[in-house]
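Data block below; observations after.
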There are 4 protein chains.
Amino acid sequence: MQADRVRVAVVGYGYWGSKHVRVLNAMPDAAVSVVDSNVARLREVAAAYRSSVELLSTDLDEVLDRVDAVVVATSPATHAEIGLRALRAGKHVLVEKPLATSVAEAEELVETAAANGVQLMVGHTFEYNAGVQHLRRIIEDGVLGRVLSIDTARLNLGLYRSDVNVIWDLAPHDISITSYLLGELPVAVSVWGQRSAGPGHEDMAYLRLEYPTTTAYVHVSWLNPNKVRRTTVVGDRRMAIFDDMSDNERIRIYDIGVDSADISNPQQAHEMPVSYRTGDIVSPFVPFPEPLGVQDREFIDSIRSGTRSSTPGERGLDIVRVLAAADQSLATGMPAPVLPGLHVVGARAEVES
Amino acid sequence: MQADRVRVAVVGYGYWGSKHVRVLNAMPDAAVSVVDSNVARLREVAAAYRSSVELLSTDLDEVLDRVDAVVVATSPATHAEIGLRALRAGKHVLVEKPLATSVAEAEELVETAAANGVQLMVGHTFEYNAGVQHLRRIIEDGVLGRVLSIDTARLNLGLYRSDVNVIWDLAPHDISITSYLLGELPVAVSVWGQRSAGPGHEDMAYLRLEYPTTTAYVHVSWLNPNKVRRTTVVGDRRMAIFDDMSDNERIRIYDIGVDSADISNPQQAHEMPVSYRTGDIVSPFVPFPEPLGVQDREFIDSIRSGTRSSTPGERGLDIVRVLAAADQSLATGMPAPVLPGLHVVGARAEVES
Amino acid sequence: MQADRVRVAVVGYGYWGSKHVRVLNAMPDAAVSVVDSNVARLREVAAAYRSSVELLSTDLDEVLDRVDAVVVATSPATHAEIGLRALRAGKHVLVEKPLATSVAEAEELVETAAANGVQLMVGHTFEYNAGVQHLRRIIEDGVLGRVLSIDTARLNLGLYRSDVNVIWDLAPHDISITSYLLGELPVAVSVWGQRSAGPGHEDMAYLRLEYPTTTAYVHVSWLNPNKVRRTTVVGDRRMAIFDDMSDNERIRIYDIGVDSADISNPQQAHEMPVSYRTGDIVSPFVPFPEPLGVQDREFIDSIRSGTRSSTPGERGLDIVRVLAAADQSLATGMPAPVLPGLHVVGARAEVES
Amino acid sequence: MQADRVRVAVVGYGYWGSKHVRVLNAMPDAAVSVVDSNVARLREVAAAYRSSVELLSTDLDEVLDRVDAVVVATSPATHAEIGLRALRAGKHVLVEKPLATSVAEAEELVETAAANGVQLMVGHTFEYNAGVQHLRRIIEDGVLGRVLSIDTARLNLGLYRSDVNVIWDLAPHDISITSYLLGELPVAVSVWGQRSAGPGHEDMAYLRLEYPTTTAYVHVSWLNPNKVRRTTVVGDRRMAIFDDMSDNERIRIYDIGVDSADISNPQQAHEMPVSYRTGDIVSPFVPFPEPLGVQDREFIDSIRSGTRSSTPGERGLDIVRVLAAADQSLATGMPAPVLPGLHVVGARAEVES
């Protein structure tokens, strides 16, 4: 029954867009259309999905009237313009991360959604990742003790040419993950960036995110021999690693179990151990539904129920503020403050001002 | 024949000192004595080596007259004082890294050695590590192409209490390795450091080393769930990883083999590959003698032949200059210049200024 | 244009069946129908694919008249009956491995296909796996030297209840792989099997496959803590491992580079090395299209062109003969001969008898 | 005080002999002499240990009168003759595994030790390995439930030429480990062996050890690209892996936590999971003293106290019986019974028959 289905147009059939199409098309209560300026890609959709997708078009305007919602999966620089067009037409919108490429754009998206009374959601997939959610839970439960620092690495093999630098491309994930884990937002950002391959964008960067309670360090790169997706949380009781590249041990928890006084007085000097590990390591079993599926499910549900998603536009705006501060630090070589605004962390929204 | 043997006193029978004793004691042309203020440790030596070591004493002065050379393996803050005492007594000296804990001390060591016409050597073990040497060779041979950046991680599980911070404890290795690989010294250093565990020393830090031709990033920590010893060299033709934790694949070379134009136009959008690797990975066989053995062999040889070692005092001083700049950056939050001086890189000594 | 498309019914929408549907449905020149006795599964198909699939039915007879070809992806014991029904109706048939659960059934399938002049293909996916194909190529090119032995492990975590034992469930892959690599068939089989969990089927087994030129050892299990998919080929010049669990290093080639005379006379006795490796390890880059896609593409192509596939029914029969010999060895505790018949190895068919 | 020290002659300064010398020489209550027919090796000892070792000789007879005990670390075929010579001279004897190369020899060793009232011990190092001991403890405590099977792999890279085949060279460890874990001895053995490199000894073998309560499978090889040292215990509640190649995770325990009924009815057919793991994985912290040190300490203690070690000669004889049965199976191609005799498992000795 068509009437029962939320009609969604996915704009941009690239790496992420094609995943959205697959995931949404498998939902019985969603009807998918696809917009892409490249006809060859639309032909791909037609070949892969045939009549199961509703409309295929190179022009969003052709489709906009005939859908309830839009997923914006184009290149970052176009997020705002396409998102705004959809919001103004009264459509619910899910925008891939980053929500926009400037704070002003992101604010306009948030305001326009509010003015039109529609849902605006940002695609921070990792906040729907069962591994990250498990890690947040054990932090909240005090399993790790006080968080001393977080260290993340998101490294790729191969250069992605893009309209943004590696920070806007990859760091949204790590800012989203670390702020989600801590339940707070960074107040300042320092950046070391590098353009290895000439005059284009930064292809490698380190970020220092100063959170109210701790510090997170983020390493992003397009130029690394191995693909790395790792978040290390150092607590004063235990440490944990979230490794998104591991199929069956995404979360490992390390009991430090070390008495530092003992360390400095090893019984026999020359027997200083290779490793000071003296506690167990546990890989808890964590059921792992596909994060994009969970996220897009919540998008459809938020439309049907009228309740806000866990990652509404304000959450996307928060992360864009941090990215903008990173840009500023990159330009000045100094730490840059993150300007306050609407803060939404996880499911808990609180308006500052 | 005693007369043929170089008589060496190892001062400090801790983690490194005990290794020096083992390695030197196995050389037919070295006769080892041990000095440690802790009698229990001397008893350990006696139990382990019996009469094969010459003298055991809690007092360096008791021993100094009866040896030709001294290995200083005490805590860093005492390196200069003990080293100077030995040099002034006309003894050849090998000092564990770092050579000293200030530039002034390091300079005094270098000058005193020169004034007394004796060998001064610094224990930069990794410059005697066959894996690092292999990596330098393939860089020099152009195998990796132009070096775009170097990234290192030296992370420990467990807190080492010490008289220096984690930078002076662990980063000497990474500064030594990266400058050895590049054949040049950093001109400026930036540091992000953190004291996680209260008012003591920094236990975690990131360093950015600005070399004339490229940039190296160094991550050191006493607080990481896994022990990591990794140097990643990113070239524009190939990348290489030196992993000192791997028994049989210390060096891996990654052929990037990627045409970035192809990447941005994948044939089918949704088939964007998980990894862009399109080239071979090679783990060359590298025979691996124990680096400390190679280093201490060179110390004994330099004494016997009168020729300078590959890592003379000046080399240690160079690294101390970088560490001092790191301290300055830590204090100011700004990049700190590395002041010029005697520059010795690898076996090639050149006096600047 | 419907007329241009090969109409295929996939029978059995389980683990493999669902993959066939996905892969075939993405081919522009195939039109997919699905048959499954379980209505709930048909609803899944409807939800996931909607109108892009042609027919959904619980009854093969309803569908048979309206398709050109059938993929049999039901449980092994039903392969023969369903396959025969389709062949007798003049349909081209692809049967998942094993082709049948007895030699008589497999022979009847082969004969029926011939009698009806239609294609019969068996789903030996690994013969379409680029990693296995690469391994075969380097064996043929003499890179490994003479093959001394092959060792495989196919181990799962968790008990699959099934209508066959673990040998018929998992070993078809390893028999297919090893005979494909060697270009010959085993002449005898010995088996050690075990029923760990009571009176049901064997859940763990070792097979020794005696090939004319070498021996292969196959370990299959439903009860292992880790999932393992590994084929080790030991040559007298080099060794190679095919690891299907590795994303980016499926093939690794080990240069032995060892002179055994040197090994027995190490210079210093106590320096016997931890590893005798003295050669390089190479992970060649091997582009990796999804094997099932390559296989099903060849099925559709064979129907359109009228040429036999690389794994025709005779190839499936060959493997069933080996499995039947394994059953016999299991029953007698003695090596069992593999009875000769139509031998097809890779693309090369040769009639013995 | 020399009088307080147990005087031990280590016979054979090869791979294992040199380890015994190092370990014993570090004990304050042992005085070490070394016997080796190769003068060059004695020179090595002299260089490495100097005066800390007592006597160096190419002739055991020269030394025998002046020691209390002998460690036999020569090649297996000479174990019995040298061991008997020492026992008959009233010396305590530790023989490296295997105790002897025939049951008759092993029995004679055991009887001779008894007749002379001296200690006879066999060097089953793994029974002194803290990882193996931990594994035995969790089996005894029921952590794994009922043991369904054990699977071991001991694979080397490189050909060791030797006076025995790979079974006598490597499998003593696995027979010792599995019987120690289970607290019982195999009643029958089946073997598949292979001579890959010509007319010499078997260089690769599989053993099936039929224990009263379960079955163990042992894979040994001199020809494998990777060094493997792995014991997998499959229980009906949990599984465990002992990996002696892992520095800091020697023991991993896998909670299966699987309800097989659930497995066969996955909610959605196509979502059949990659892995059925549904339980946690735990790597317990296990302090790890060097096993050879623990073993040799027990040898010295048994001499001083007059109490039998955990691995007396009878234990070595038990393993030799299993090895002899393996030889028989290799010759006949049939399972061979293990003839009963003195059975000693772990510390518990019981005389049968």
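The values are calculated or read from the model by the stated rules, or taken from the named source; none is laboratory data. Predicted, not measured: the structure shown is a model, and the values here were computed from it. Don't worry about glycine lacking a Cβ; one is built from the backbone with ideal geometry, like all the others, and counts go over all protein chains shown. Accessible surface is based on the protein model in full, side chains and every heavy atom, while ligands, DNA and RNA are left aside. Shrake-Rupley method; radii C 1.70, N 1.55, O 1.52, S 1.80 Å.
Starting from residues that are facing chain A (nearest Cβ under 8 Å) and surrounded by fewer than 19 Cβ atoms within 10 Å (Cβ to Cβ), keep the ones in the range B:257-269 and report whichever is modelled with the highest pLDDT.
Per the criteria, the residue is B:Val258.
Conditions tested, residue by residue: (1) closer than 20 Å to C:Leu155 by Cβ; (2) surrounded by fewer than 24 Cβ atoms within 10 Å (Cβ to Cβ); (3) among the hydrophobic types (A, V, I, L, M, F, W, C).
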{"residue": "C:His173", "(1), (2), (3)": "yes, no, no"}
{"residue": "C:Thr178", "(1), (2), (3)": "yes, no, no"}
{"residue": "C:Glu184", "(1), (2), (3)": "no, yes, no"}
{"residue": "C:Ala188", "(1), (2), (3)": "no, yes, yes"}
{"residue": "C:Val191", "(1), (2), (3)": "yes, no, yes"}
{"residue": "C:Arg195", "(1), (2), (3)": "yes, yes, no"}
{"residue": "C:Asp203", "(1), (2), (3)": "yes, no, no"}
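Residue count for the range C:1-22 under the criterion of being under 25 Å from the mean Cα position of the chain (by Cα) and away from chain D (no Cβ under 12 Å): the result is 5.
Annotation note: Cβ proximity below 7 Å between a residue of the range D:215-226 that is within 16 Å of D:Pro172 (Cβ to Cβ) and more than 8 Å from chain C (Cβ to nearest Cβ) and a residue that is open to solvent by 20 Å² or more (accessible area, probe 1.4 Å) and at pLDDT below 95 (sequence gap 6+ or interchain) occurs for D:Trp222/D:Leu159; D:Trp222/D:Tyr160. Can you pull out the residues in the range A:70-103 that are outside any helix (DSSP H, G or I) and of a type in the set (D, E, K, R)? Within the range A:70-103, A:Lys91, A:Glu96, A:Lys97 qualify. Quick check on the range A:83-101. Is at least one of its residues on the phi > 0 side of the Ramachandran plot, modelled with pLDDT under 95 and not acidic (Asp, Glu)? Among the residues of the range A:83-101, not one is on the phi > 0 side of the Ramachandran plot, modelled with pLDDT under 95 and not acidic (Asp, Glu), which makes the answer no. Of all the numbered requirements in (1) within 14 Å of another protein chain (Cβ to nearest Cβ); (2) in contact with a helix residue (DSSP H, G or I) (Cβ under 9 Å, 6 or more places away or on another chain), A:Ala106 misses one, and that requirement is (1). Residues in the range B:23-40 that are more than 9 Å from chain D (Cβ to nearest Cβ), open to solvent by 10 Å² or more (accessible area, probe 1.4 Å) and not in a helix (DSSP H, G or I): B:Asp29, B:Asp36, B:Ser37, B:Asn38.
A quick yes/no check of all residues on (1) modelled with pLDDT under 95; (2) assigned to a loop (DSSP other than H, G, I, E, B); (3) farther than 23 Å from D:Val218 by Cβ:
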{"position": "C:Thr178", "(1), (2), (3)": "no, no, no"}
{"position": "C:Gly198", "(1), (2), (3)": "yes, yes, yes"}
{"position": "C:Thr213", "(1), (2), (3)": "no, yes, yes"}
{"position": "C:His219", "(1), (2), (3)": "no, no, no"}
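The set of residues in the range C:200-255 that are in contact with a His (Cβ under 6 Å, 6 or more places away or on another chain) and among the hydroxyl-bearing types (Ser, Thr, Tyr) contains only C:Tyr206. Test A:Arg250 against the criterion of being in contact (Cβ under 8 Å) with a residue 40 or more places away in the chain, surrounded by fewer than 24 Cβ atoms within 10 Å (Cβ to Cβ), more than 11 Å from chain B (Cβ to nearest Cβ) and more than 30 Å from B:Asp280 (Cα to Cα), and give yes or no. Against the criterion (in contact (Cβ under 8 Å) with a residue 40 or more places away in the chain, surrounded by fewer than 24 Cβ atoms within 10 Å (Cβ to Cβ), more than 11 Å from chain B (Cβ to nearest Cβ) and more than 30 Å from B:Asp280 (Cα to Cα)), A:Arg250 does not qualify. Flag: A:Ser75 matches the condition of being hydroxyl-bearing (Ser, Thr, Tyr), open to solvent by 20 Å² or more (accessible area, probe 1.4 Å) and within 14 Å of chain B (Cβ to nearest Cβ).
Being within 23 Å of C:Gly145 (Cα to Cα), assigned to a strand (DSSP E or B), within 11 Å of chain D (Cβ to nearest Cβ) and not hydrophobic (A, V, I, L, M, F, W, C) is the filter here; which residues of the range C:227-242 pass it?
C:Arg230, C:Thr232, C:Gly235, C:Arg238
Scanning the range D:135-163 for residues that are open to solvent by less than 10 Å² (accessible area, probe 1.4 Å) and either more than 14 Å from every other protein chain (Cβ to nearest Cβ) or assigned to a loop (DSSP other than H, G, I, E, B) (or both) turns up D:Leu144, D:Gly158. Tell me, which residue of the range D:292-337 that is out of contact with any strand residue (DSSP E or B) (no Cβ under 6 Å at 6 or more places or on another chain), crowded, with 18+ Cβ neighbours inside 10 Å and in a loop (DSSP other than H, G, I, E, B) is nearest to the other protein chains (Cβ to nearest Cβ)? My answer is D:Ser310. Candidates in the range A:41-61 are the residues that are facing chain C (nearest Cβ under 10 Å) and out of contact with any strand residue (DSSP E or B) (no Cβ under 7 Å at 6 or more places or on another chain); of these, the one that is most open to solvent (accessible area, probe 1.4 Å) is A:Arg43. Quick one: would you say B:Ala31 is within 18 Å of B:Arg315 (Cβ to Cβ), of a type outside the set (Phe, Trp, Tyr) and either touching a residue at least 12 places away in the same chain (Cβ under 8 Å) or touching a Pro at 6+ places or on another chain (Cβ under 6 Å) (or both)? Against the criterion (within 18 Å of B:Arg315 (Cβ to Cβ), of a type outside the set (Phe, Trp, Tyr) and either touching a residue at least 12 places away in the same chain (Cβ under 8 Å) or touching a Pro at 6+ places or on another chain (Cβ under 6 Å) (or both)), B:Ala31 does not qualify.
Residues in the range B:90-109 that are more than 21 Å from B:Ser75 (Cβ to Cβ) and in contact with an Asp or Glu (Cβ under 8 Å, 6 or more places away or on another chain): B:His92 alone. You will find that of B:Asp36, B:Asp59, the residue that is in contact with a helix residue (DSSP H, G or I) (Cβ under 7 Å, 6 or more places away or on another chain), in contact (Cβ under 8 Å) with a residue 12 or more places away in the chain, among the charged types (D, E, K, R) and on the phi < 0 side of the Ramachandran plot is B:Asp36 and no other.
Residues that are touching an Asp or Glu at 6+ places or on another chain (Cβ under 8 Å), modelled with pLDDT of 95 or more and closer than 22 Å to A:Gln119 by Cα: does the range A:47-62 have at least one? No, the range A:47-62 contains no residue that is touching an Asp or Glu at 6+ places or on another chain (Cβ under 8 Å), modelled with pLDDT of 95 or more and closer than 22 Å to A:Gln119 by Cα. Only a single criterion out of (1) more than 14 Å from every other protein chain (Cβ to nearest Cβ); (2) in contact with a His (Cβ under 9 Å, 6 or more places away or on another chain); (3) in a helix (DSSP H, G or I); (4) crowded, with 21+ Cβ neighbours inside 10 Å is not satisfied by D:Val132, namely (2).
Note on the range B:157-204: residues that are under 19 Å from B:Ile241 (Cβ atoms) and not small (Gly, Ala, Ser) amount to 9.
Sub-6 Å Cβ pairs linking a first residue in the range D:104-121 that is in a helix (DSSP H, G or I) to a second residue that is surrounded by fewer than 17 Cβ atoms within 10 Å (Cβ to Cβ), at least 6 apart or interchain, are D:Asn116/D:Gly90, ordered by first then second residue.
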